[in-house]
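The values are calculated or read from the model by the stated rules, or taken from the named source; none is laboratory data. Just so you know, these numbers come straight off a predicted model, no measurement behind them. Don't worry about glycine lacking a Cβ; one is built from the backbone with ideal geometry, like all the others, and counts go over all protein chains shown.
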Amino acid sequence: MSNCCKQPALGIDRRTALKGLATGVAALALPASNASASVWEAFFQKHFRELSKDELKQVLARLTKEYSQEFGKEVSVKATPAIEGVTYGYGLDLSRCIGCRRCVYGCVAENNQSRDPQIHWIRVLQLEQEKGTALEYAEHYYNPQTVPEEGHFYMPVQCQQCSNPPCTKVCPVQATWPEKDGIVVVDYNWCIGCRYCMAACPYGARHFNWGKANVPADELNPDTHYLGNRPRPIGVVEKCTFCIQRTREQPGRYPACEEICPVGARKFGNLNDPESEMRYLIENKRVFILKEELNTQPKFFYFYAT
Amino acid sequence: MKRNRRLTALLGSGLLAVLLLVLSGPVQAAKEKYFDRSGRLIVEEKPAADLLRPYQAGNREPEKTFPVPAPPFSEGIYPCSDCHGEMETNPQRRELEDMHTDIVLNHAEGQRWCLDCHNPDDRDVLRLVSGETIPFDQSYRLCGQCHGDKFRDWKVGIHGKRTGYWNGDKQYLLCAHCHNPHDPAFKAMKPLPPPVRPGEARH
């Protein structure tokens, strides 16, 4: 009898033994009270881009059920893919913005950011007209009786959806990437919370969940996207997604910040469509991009219409 | 002999005319259009008849209309003819005492008065400088008479705001939805609260 064909003494092969071992260890690691099927599934879930159609369907169904139970109302989780031939672009008219922060809170409501600890995806900078866009003089805690204040102008900053994003390159687990339509997204289930991306982003556009996202159930926006505004777990990084849950629909709604702006300073459209307002403003207005010298190639364009 | 010579002259001049016609055709056509280096058409010269025609509003292409929501009338104020239908028109510049006392004209008030925009003969419509009357939901044409640059930007969705879908149906907000036509400058407003400073967080 040769060695190779010898059966193990206990009558189980190596594979079965390993499987049993893994199961045992995992069972130890998971608290028994929570050890439901959904925790198991979440633990072994693949990277978003490696999920097959069926697996994605299961993941979405699982999350839908989880969130609906947690918030006591019907929450939908979708994973609408990019629309073919579309590259999103955003325009912001600095000659119009008055710094009223309506966009900041419109975004919080639409995208289910944590209320406390507080996360804002949009930061409105107050700048001095005499100093121009010199960011070292920027102030974002301004709180006068009324805006705009004499001698100042306002520059909201959010994710610039770079075509050459430094944040995705530093991610050690590839939990963040630019999608085909130009939106930079995060797979919250894959993110390990190392915050390298936050250090890499020159715009301060990424935010960390120090606690589990704290959103009152009655204020939760139930129309959610896997890569966008679904409730975030503790310890992951999040960012603006151009309202992926709205803009990828057919027909696509405008981002929440665009819709709420009381002075019409915000513009949004398809950069590939020569008839879009984005193309018009880039071709006809004075346009600049923030920190151009870093070669991040933003798809967020600041402009002066007047 | 004499006859022959005459015939030759006739033939010659005829040939010349034909030649001129053939030559002049394409030359003239090329004169009417101007292209830049990349081949893009810059100017197309109009035929003389078009240039000589006297200016008439009727010769213009009709202004495009844009889908807009209902104009933002104060409650119960429209139709204006409910009151003004029977009233005599008073074009005098004066302080209004009985009605519309809330309206303070702060919009180049030195150069205009009510009836420069509101039509004296039928108050339910507005009146352009040309005399053409337009309904209130086309008031952008009235504003566009002076604010041509803003009107141009508004039409392509840069000035002001369009609602609806970025890749679908859109509605334009009228100028009057954001600007009070009698006092159009934007009013300062209270900002929403600033973000919590890191030191102030309760965690």
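Out of A:Glu293, A:Glu283, A:Glu258, A:Glu275, one residue alone is crowded, with 21+ Cβ neighbours inside 10 Å and either touching a Pro at 6+ places or on another chain (Cβ under 9 Å) or charged (D, E, K, R) (or both). It is A:Glu258. Each residue in segment A:286-306 was checked for being within 19 Å of A:Cys97 (Cβ to Cβ), at pLDDT 95 or above and assigned to a loop (DSSP other than H, G, I, E, B), and 5 of them qualify.
Does B:Tyr172 satisfy the criteria of being within 13 Å of chain A (Cβ to nearest Cβ), in contact (Cβ under 8 Å) with a residue 24 or more places away in the chain, surrounded by 16 or more Cβ atoms within 10 Å (Cβ to Cβ) and among the hydroxyl-bearing types (Ser, Thr, Tyr)? Criteria met by B:Tyr172.
So that you can scan it fast, the table gives a plain yes or no per residue for (1) in contact with a strand residue (DSSP E or B) (Cβ under 6 Å, 6 or more places away or on another chain); (2) of a type in the set (Lys, Arg):
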site: B:Arg123; (1), (2): no, yes
site: B:Thr133; (1), (2): yes, no
site: B:Gly168; (1), (2): no, no
site: B:Leu173; (1), (2): no, no
site: B:Pro184; (1), (2): no, no
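Residues that are of a type in the set (Ser, Thr, Tyr), touching a strand residue (DSSP E or B) at 6+ places or on another chain (Cβ under 6 Å) and within 14 Å of another protein chain (Cβ to nearest Cβ): does segment A:243-259 have at least one? Looking through segment A:243-259, at least one residue is of a type in the set (Ser, Thr, Tyr), touching a strand residue (DSSP E or B) at 6+ places or on another chain (Cβ under 6 Å) and within 14 Å of another protein chain (Cβ to nearest Cβ). Determine whether A:Pro166 is of a type outside the set (Ser, Thr, Tyr), in contact with a Leu (Cβ under 7 Å, 6 or more places away or on another chain) and surrounded by fewer than 18 Cβ atoms within 10 Å (Cβ to Cβ). When the stated conditions are applied, A:Pro166 does not pass them. Among the residues making up segment A:262-277, those that are more than 22 Å from the chain's Cα centre (by Cα) and of a type in the set (D, E, K, R) are A:Asp273, A:Glu275, A:Glu277. One residue stands out among those in segment B:152-168 that are of a type in the set (D, E, K, R) and facing another protein chain (nearest Cβ under 7 Å): the one that is farthest from A:Thr306 (Cα to Cα), which is B:Lys161.
B:Gly160 meets each of the listed conditions (1) in contact (Cβ under 8 Å) with a residue 60 or more places away in the chain; (2) crowded, with 16+ Cβ neighbours inside 10 Å; (3) of a type in the set (Gly, Ala, Ser) apart from (1).
One line per residue, one yes/no per condition, for (1) among the polar types (S, T, N, Q); (2) over 30 Å from the mean Cα position of the chain (by Cα); (3) at pLDDT below 75:
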residue: B:Arg5; (1), (2), (3): no, yes, yes
residue: B:Leu16; (1), (2), (3): no, yes, yes
residue: B:Leu20; (1), (2), (3): no, yes, yes
residue: B:Leu23; (1), (2), (3): no, yes, yes
residue: B:Ala30; (1), (2), (3): no, yes, yes
residue: B:Ala57; (1), (2), (3): no, no, yes
residue: B:Tyr78; (1), (2), (3): no, no, no
residue: B:Asp82; (1), (2), (3): no, no, no
residue: B:Glu86; (1), (2), (3): no, yes, no
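Just one of the listed residues (A:Pro117, A:Pro81, A:Pro144) is closer than 22 Å to B:Pro191 by Cα, within 24 Å of the chain's Cα centre (by Cα) and not basic (Lys, Arg), namely A:Pro117.
For segment A:76-122, name all the residues that are within 11 Å of chain B (Cβ to nearest Cβ) and outside any loop (DSSP other than H, G, I, E, B). Within segment A:76-122, A:Tyr88, A:Gly89, A:Tyr90, A:Gly91, A:Asp93, A:Arg102, A:Cys103, A:Val104, A:Tyr105, A:Gly106, A:Val108 meet the criteria. Applying the set (1) exposed (fewer than 15 other Cβ atoms within 10 Å of the Cβ); (2) at the interface with chain A (Cβ under 10 Å from one of its Cβ atoms) to B:Ile103 leaves exactly one unmet item: (2). Whenever a residue of segment B:121-136 is in contact (Cβ under 8 Å) with a residue 60 or more places away in the chain, its partners that are assigned to a loop (DSSP other than H, G, I, E, B), lying with C-beta atoms within less than 7 angstrom and at least six residues away or across chains, give the pairs B:Phe136/B:Pro71. Scanning segment A:139-157 for residues that are surrounded by 15 or more Cβ atoms within 10 Å (Cβ to Cβ), within 13 Å of another protein chain (Cβ to nearest Cβ) and not charged (D, E, K, R) turns up A:His140, A:Tyr142, A:Val147, A:Pro148, A:His152, A:Tyr154, A:Pro156, A:Val157.
Quick one: B:Lys155 ticks every box in (1) surrounded by fewer than 17 Cβ atoms within 10 Å (Cβ to Cβ); (2) over 15 Å from B:Lys64 (Cα atoms) bar one, so which box is it? Here B:Lys155 meets the rest and fails (2).
One residue stands out among those in segment A:186-229 that are of a type in the set (A, V, I, L, M, F, W, C) and over 22 Å from A:Val170 (Cβ atoms): the one that is surrounded by the fewest Cβ atoms within 10 Å (Cβ to Cβ), which is A:Ala217.
Contact map, segment A:208-226: residues that are in the same structural domain as A:Trp190 (by TED's automatic domain parsing) paired with residues that are buried (at least 21 other Cβ atoms within 10 Å of the Cβ) and among the basic types (Lys, Arg), Cβ distance under 6 Å, separation 6+ or inter-chain. Pairs shown: A:Asn209/A:Arg232; A:Ala213/A:Arg232; A:Thr224/A:Arg230. For segment B:184-203, the condition of being within 9 Å of chain A (Cβ to nearest Cβ), of a type in the set (Val, Ile, Thr) and within 23 Å of A:Tyr90 (Cβ to Cβ) holds for none of the residues.
Checked across segment B:136-154, the condition of being aliphatic (A, V, I, L, M) and more than 28 Å from A:Tyr154 (Cβ to Cβ) holds for at least one residue.
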